[in-house]
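Structure first, commentary second.
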Amino acid sequence: MSEDYKWRYGFFLGCVIPNRYPMIEASIRNVFDYLGAELLDLPGASCCPAPGVFRAFHIPTWFVIAARNISIAEELGVSPITGCNGCYGTLRDAWYELEHDYDKKKEVNEYLAKIGRTYKGNFEPKHVIQAFYLDMGLDYLKDFIKLKFSDLKVAVHYGCHIVKPSEKRPWNGEYEAPRFLDEIVEITGAKSIDYKDKYMCCGAGGAVRTAVKEVAADFTREKLVNMRDAGVDIIINCCPFCHLQLDLGQVEVNNFYGDVIGEPFHIPVIYITQLLGVAFGMDPNLLGLIKNHELQGVSPFISIDPFLNIVKEQLI
Amino acid sequence: MSENVEKYIKRKVYKSTSSRIAQKFVDAGLEKIRACINCGTCTGSCPSGRRTAYRTRSAIRRALTGDESVLKDIDIWLCSTCYYCYERCPRDIPVTDMIIKLRNIAVEEGYILDSHFGLANDIFYATGHGVPATGENNKKWRDLRESYGLPPLPPTVHSYPEAVKECQELMNAVGFRKLLDNAAKLKEERAQAAKKDKEE
Amino acid sequence: MTEAKKEIKVTGNERPKIGVYICHCGVNIGGVVSVPDLVEYTKTLPNVEVAQEYKFFCSDVGQKIIKEDIEAGLVNRVVVAACSPRMHEPTFRITCKEAGLNQFLFEMANIREHSTWVHMRDPEGAYEIAKDHIRMAVAKARELKPLEVQKVKVEPSCLIIGGGVAGMNAALDLATEGYKVYLIEKTPTIGGHMAQLDKTFPTMDCSSCILTPKMSEISREKNIELLTYSEVVEVSGFIGNFEVTILKKPHYVDQEKCTGCGVCVDYCPVVVGNEFELGLATRKAIYIPFPQAIPGQYTIDMDNCIKCGICARIDVCEPEAINFDDKPEYLKIKVGTIIVATGWDLYDPTELKQYGYGRYPNVITGLQMERLLSSFGPVIGKPVRPSDLKEPHSIAFLQCVGSRNFREGGNQYCSRVCCMYATKQARQYKEKHPDADIYIFYMDIRAFGKGYEEFYESAGQNYGINFMRGRIAEVIEDDDHNIIIRAEDTLLQQPIELTVNLFVLSCGLEPRADADIITSLLRIQRSADGFFLEAHPKLRPVDTLTEGIFIAGVAQGPKDIPDAVAQAKGAASSAAVLMSQGEVEIEPFFAVVRPERCIGCGMCVENCAYGAIELVEDKWFGTVAKINEALCKGCGACSGNCRCSAIDIIGFTGEQIFSIIMGGEL
Ligand SMILES: Cc1cc2nc3c(=O)[nH]c(=O)nc-3n(C[C@H](O)[C@H](O)[C@H](O)COP(=O)(O)OP(=O)(O)OC[C@H]3O[C@@H](n4cnc5c(N)ncnc54)[C@H](O)[C@@H]3O)c2cc1C
Ligand code: SF4
Ligand code: SF4
Ligand code: SF4
Ligand code: SF4
């Protein structure tokens, strides 16, 4: 570890972050570096595997692949860290269960031995938000805030697997109404607005999006209606799959449910590190906020210009 | 036959239960499912049930009583794994895990959607990613990565072909390949049978 | 034939002739291990003269088999291999006694709980363990010595802790029978929770109308010394002779002088939440809990009093009863028996965030609803909802809040009263508001008591209350502070989203938050649910495992008023049984010092938690320890720590314990 870093993690990318929303990857990498936390690459890491699909197909496969991913971080002597609730769910649930079930661990290691790996379980998988809130702490983050929003109304979306199952998460069993993400958002001067069913699922997870897009989009519709009713400017989240569902999903909602929603939706969806980064005074280019408009059919699908305008008005 | 016979005579009297599915839960150490008191907290908590025909409690109930149609219905694939039911069940049943287990059993018996099969077989098994950036179709995503100053492919299985091999070796050893092949076979057999039925 | 004549003289020196009686206990033992094989095995053990089996040795016939062997002189020590000594040791001791054998020449081997029950699925293992237990018991039996029971006097007085409906009824019964009763109540008034109720199911009699006459009876009864605003702080002694220290908290109002006129209340400037009204109303710093409180004298709540002195003005309190210098008083009493009737606390639903209690104003508990319905409550029996003080048109009740919940923080048991009280409250509201929509969301309706099912049926048929089968998953609030309920109608298999004006949580009953204090003061036990443990769930439901201490009311477990009163009367009767005998036998299992070994180091004096040991001068052995048998509990702390092995516990001597450990080889 180079001397300048206070923390060191193995950056578990997953799939959606690197392959569909790389701006999230860029912002996490740069914000962590800025905060004095080193992110090591996990060479050859795979899909976590996604809890709602692959776990739902075959639990044993899910276990061994998850254990392999964790073991890559173990080899580097660091905790795997992820910016995705789904990966967090998989890595943490697998870790938790392997910690509590010796036979399972033995069995998993028998498989891993075939590819010359072992799972030890001495490094707790973490979420980016967990690193912010528990490892670094709000006070530490506050010291980096250079610019504060004067009037930004945020719909905070937690997603599910960052808090549940609560006994396998580090939030003291809180799942009905956690506050940690709101607190992080609010150090930037933005205001977290209460909206109906704030903690509801976005609808993408659990293989629903792959099974029937319309069903997933109906969850999203309900959330978007509630967010709009509360008068929010942007959506902040901490999961690329929620991010995708709330971003690309808006297009789908406008499409499938145009007749019931009235005005089409166009609420900018921003990942937490992008918001923090601008408040830290970082270059928006480092935060993946500046899009190359020559690229067609890529994310973000809902323009984030309204957010960039607010940034310009209030921060610069 | 009188039309009314067909219309009104159903003879749907439930004659016995079968513990075949329930037994699979017990074997997997999930016998807690049997403590369900059918209170409905799970269904009441379920954001999916508020918009679909999926009823969490009924899925559990059907599994317990051995109603195998639960494996065929798309219902169990409409759970978004939000874990509300899991957190609130007064009998402390890990309900979401039960639904996941139920899906495992369904796949074992060849009940898997085409889209899910494709995802598992053509994408996950083949590349090690669930959402890949390789292949011609995905060039725009590689370009997008580069536009943010990232290498076109991430340092994951995408950059390490031997890692894909490792994953496949694990999946073979743990039975995933066999599971998928078997599911494909059962699906095909059912499709053939249905076709034959139709012709007759 | 008198007992004395029949007593078979057995000295410690006589050759032990052990009779071993192995019980099938129906299929409990016999269904798991082969009892005939055990008998054969037992016959091989040294000193065993007789080994027999029978289906139920505890039955008359079974006992007779044992008696005959004793009377025929075949055996002079008895071992019964059967159930737990807690269950039948007393039975078989009497068997021995009746046959003329000293009852302490009996030993029990528990091969049911320790073997065939726990290893039901491993018969071979169970058989081995049963063999071990029998061998150990035989080994100990070989070393048994005849002992004499001790008799102690029982003071004809009873301490009752808790002045709720249970404690009050026990007190009245005992006082009428002529025993002196000390009724200790922690709050300034007796009555307990029943005083907070409006009407009572299933007969709908007014709670105050049946309770307040009892309360005044208590205050008039000369055999009852009522000590309100008091707590037990120390208990020592043992059955028949408990020494109790009671703290009388200062009222800051002279209870002799106060006439209960209440003028002070008008002048007191301090307004705080009224605990009797559960925060639905206020009271002053000088207060009585409710108008019919007994005693009717006032108390100053010093946590909130600002000592402005206004109430002490002579124009305010004419009798000059205010005394800011009032001090706590300690009272020492001696009683023969104790009844614990400390009641319950309501489950606090704040933690169940999905139900919004504490967050949404129109979510209240069942006990708050009771106060809203009460004709002497904060809204004189015309319930309104907290947010806008309007009469609700629609009300939903949720059952089993905090009860029947196997998650962490929940109580697993059924609280037994909430189904009925919700139905009662729903009916009461419907009576006055026939147009109202009332819903009761339940998992099961438990209407088990006399007249309860009829009460429930009528709630549907005659009152039109909607019983909804489904446990509510979560609620949210709309802009008008209405509560939107999400649940499943499990009978229709249909999700529900129902909007109501008021949402009532039928919270369950919990053990008192301070039950730990009573547990350690009285050295009684609690069961897994946290309530005080009865000595036997069926046959000794009001006894504790500590002789002379009884339990009654919800302190023992959730119950309604009829059951609480029945149990109170049972506890009073059991206490009276002891007191009317005037003396009781206690087991002679106390410590004895062998002065020849004692070096007088005094370690044991410090180790004894009961102050039963002192050092004395012996004319042969110098300074040695001496044990006060009446105070000794036989705990063994002294014996285990004595470096010289100078202390033995009778019935558990070193030889006896070693012979058990060595399995008879010693
Ligand atoms: C909302 C509601 C409605 C109900 N309605 C009915 C009904 O209609 N019909 C019915 O049959 N039942 C009803 N019940 C049940 C009924 O309230 C109980 O059965 C009854 O209160 C039991 O009385 P108790 O004496 O055991 O306990 P409590 O009433 O709790 O009395 C215990 C007393 O002990 C005192 N105490 C506690 N600890 C100490 C201590 N350490 N030292 C000294 N004193 C102490 C307390 O201050 C209290 O005065 C209802 C319950 C609820 C919650
Ligand atoms: S919440 Fe639990 S007990 Fe209730 S119906 Fe669902 S699984 Fe059964
Ligand atoms: S985990 Fe699935 S079944 Fe349970 S509440 Fe969420 S969507 Fe419904
Ligand atoms: S009495 Fe009724 S409401 Fe109370 S815990 Fe039992 S079943 Fe639930
Ligand atoms: S056995 Fe010893 S320590 Fe225990 S009470 Fe008796 S004298 Fe005291």
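Determine whether the stretch C:496-512 contains at least one residue that is within 10 Å of chain B (Cβ to nearest Cβ), within 16 Å of ligand 3 (Cβ to nearest atom) and not in a strand (DSSP E or B).
Pass one, the stretch C:496-512, residues within 10 Å of chain B (Cβ to nearest Cβ): C:496-497.
Of the ones still in play, those that are also within 16 Å of ligand 3 (Cβ to nearest atom) are C:496-497.
Filter again for not in a strand (DSSP E or B), leaving none.
Within the stretch C:496-512 (the criterion being within 10 Å of chain B (Cβ to nearest Cβ), within 16 Å of ligand 3 (Cβ to nearest atom) and not in a strand (DSSP E or B)), the answer is no, since none of the residues qualifies.
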Which is within 16 Å of ligand 4 (Cβ to nearest atom), under 15 Å from the mean Cα position of the chain (by Cα) and not in a helix (DSSP H, G or I), of C:538, C:559?
-> C:559
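Please go through the stretch C:211-262 and pick out each residue that is part of a loop (DSSP other than H, G, I, E, B), farther than 30 Å from residue C:316 by Cα and of a type in the set (A, V, I, L, M, F, W, C). Working first, answer last.
Going residue by residue through the stretch C:211-262, those that are part of a loop (DSSP other than H, G, I, E, B) are C:221-223, C:228-229, C:239-240, C:249-252, C:254-262.
Checking the rest, the ones that are also farther than 30 Å from residue C:316 by Cα come to C:221-223, C:239-240.
C:239 - this is the single residue of the stretch C:211-262 that is part of a loop (DSSP other than H, G, I, E, B), farther than 30 Å from residue C:316 by Cα and of a type in the set (A, V, I, L, M, F, W, C).
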Restricting attention to the stretch A:198-211, which residues are more than 16 Å from the chain's Cα centre (by Cα), of a type outside the set (Gly, Ala, Ser) and within 7 Å of another protein chain (Cβ to nearest Cβ)?
-> A:208, A:210
Just give me the residues in the stretch B:12-27 being aliphatic (A, V, I, L, M) and either crowded, with 17+ Cβ neighbours inside 10 Å or under 21 Å from the mean Cα position of the chain (by Cα) (or both), in sequence order.
-> B:21, B:22, B:26
So which residues in the stretch C:496-510 are surrounded by 24 or more Cβ atoms within 10 Å (Cβ to Cβ) and more than 10 Å from ligand 1 (Cβ to nearest atom), if there are any at all?
-> C:502, C:503, C:505
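Just to check your reading of the model, which residue among C:178, C:191, C:237 is surrounded by 22 or more Cβ atoms within 10 Å (Cβ to Cβ) and either more than 16 Å from ligand 2 (Cβ to nearest atom) or among the small types (Gly, Ala, Ser) (or both)?
C:191
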Which one of these does residue A:236 not meet: (1) out of contact with any Lys or Arg (no Cβ under 8 Å at 6 or more places or on another chain); (2) part of a helix (DSSP H, G or I)?
-> (2)
Of the numbered conditions (1) facing chain A (nearest Cβ under 7 Å); (2) crowded, with 21+ Cβ neighbours inside 10 Å; (3) without any contact (Cβ under 8 Å) to a residue 40 or more places away in the chain, residue B:127 satisfies every one except a single condition; which is it?
-> (1)
Which residue, of C:412, C:425, is within 18 Å of residue C:505 (Cα to Cα), outside any helix (DSSP H, G or I) and within 14 Å of ligand 4 (Cβ to nearest atom)?
-> C:412
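Among the listed residues C:588, C:562, which satisfies the condition of being more than 16 Å from ligand 5 (Cβ to nearest atom), in contact (Cβ under 8 Å) with a residue 40 or more places away in the chain and at negative phi?
Details: C:588 fails: more than 16 Å from ligand 5 (Cβ to nearest atom).
Answer to the selection: C:562.
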Which ones in the stretch B:135-178 are assigned to a loop (DSSP other than H, G, I, E, B) and more than 7 Å from chain A (Cβ to nearest Cβ)?
-> B:135, B:151, B:152, B:153
Filter the stretch B:28-55 down to the residues that are more than 9 Å from every other protein chain (Cβ to nearest Cβ) and in a helix (DSSP H, G or I), then identify the one that is surrounded by the most Cβ atoms within 10 Å (Cβ to Cβ).
-> B:33
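In this structure, does residue C:143 turn out to be among the charged types (D, E, K, R) and touching a Phe, Trp or Tyr at 6+ places or on another chain (Cβ under 6 Å)? Spell out how you get there, then give the answer.
On the way: among the charged types (D, E, K, R): yes; touching a Phe, Trp or Tyr at 6+ places or on another chain (Cβ under 6 Å): no.
In short, no.
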Could we say that residue B:61 is farther than 23 Å from residue B:17 by Cβ, of a type in the set (Lys, Arg) and away from ligand 4 (no atom under 16 Å from the Cβ) here?
-> no
Flagged in the stretch A:4-34 as at pLDDT 95 or above and of a type in the set (Asp, Glu), in numbering order, are A:25, A:33
Among strands (runs of 3 or more DSSP E) lying entirely in the stretch C:129-210, which contain 2 or more residues that are of a type in the set (A, V, I, L, M) and away from ligand 5 (no atom under 16 Å from the Cβ)?
-> C:157-161, C:180-184
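Given the structure, is residue C:440 in a strand (DSSP E or B) and without any contact (Cβ under 8 Å) to a residue 24 or more places away in the chain? Full working, then the answer.
Numbers: in a strand (DSSP E or B): yes; without any contact (Cβ under 8 Å) to a residue 24 or more places away in the chain: no.
No, not satisfied.
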Of the listed residues (B:91, B:103), the one being of a type in the set (Lys, Arg), more than 9 Å from chain A (Cβ to nearest Cβ) and away from ligand 1 (no atom under 16 Å from the Cβ) is B:91
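Among the residues that make up the stretch C:594-601, is at least one of them of a type outside the set (Lys, Arg), more than 14 Å from chain B (Cβ to nearest Cβ), away from ligand 4 (no atom under 16 Å from the Cβ) and not in a loop (DSSP other than H, G, I, E, B)? Walk me through it before giving the result.
Filtering the stretch C:594-601 down to residues of a type outside the set (Lys, Arg) leaves C:595-596, C:598-601.
Next cut, more than 14 Å from chain B (Cβ to nearest Cβ) only: C:595-596, C:598-601.
Going one step further and asking which of them are away from ligand 4 (no atom under 16 Å from the Cβ), we end up with C:595-596, C:598-601.
From what is left, the residues that are not in a loop (DSSP other than H, G, I, E, B) are none.
The answer is no, given that none of the residues of the stretch C:594-601 is of a type outside the set (Lys, Arg), more than 14 Å from chain B (Cβ to nearest Cβ), away from ligand 4 (no atom under 16 Å from the Cβ) and not in a loop (DSSP other than H, G, I, E, B).
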Quickly run through the stretch C:299-358 and pick out the residues that are within 27 Å of residue C:515 (Cα to Cα) and of a type in the set (Ser, Thr, Tyr).
-> C:299, C:330, C:337, C:342, C:347, C:350, C:357
All positions within the stretch A:18-31 that are touching a strand residue (DSSP E or B) at 6+ places or on another chain (Cβ under 8 Å) and buried (at least 24 other Cβ atoms within 10 Å of the Cβ) = A:18, A:21, A:23, A:24, A:27, A:28
List every residue pair whose Cβ atoms lie under 9 Å apart, where the two residues are 6 or more positions apart in sequence or sit on different chains, the first residue falls within the stretch A:288-316 and is at positive phi, and the second residue, located anywhere, is hydrophobic (A, V, I, L, M, F, W, C) and not in a loop (DSSP other than H, G, I, E, B).
-> A:288/A:23; A:288/A:24; A:288/A:26
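The values are calculated or read from the model by the stated rules, or taken from the named source; none is laboratory data. From a predicted model like this one, the values you see are computed outputs, not experimental measurements. As a convention, Cβ positions derive from the backbone with ideal geometry for all residues, glycine included, and neighbour counts pool all protein chains shown.
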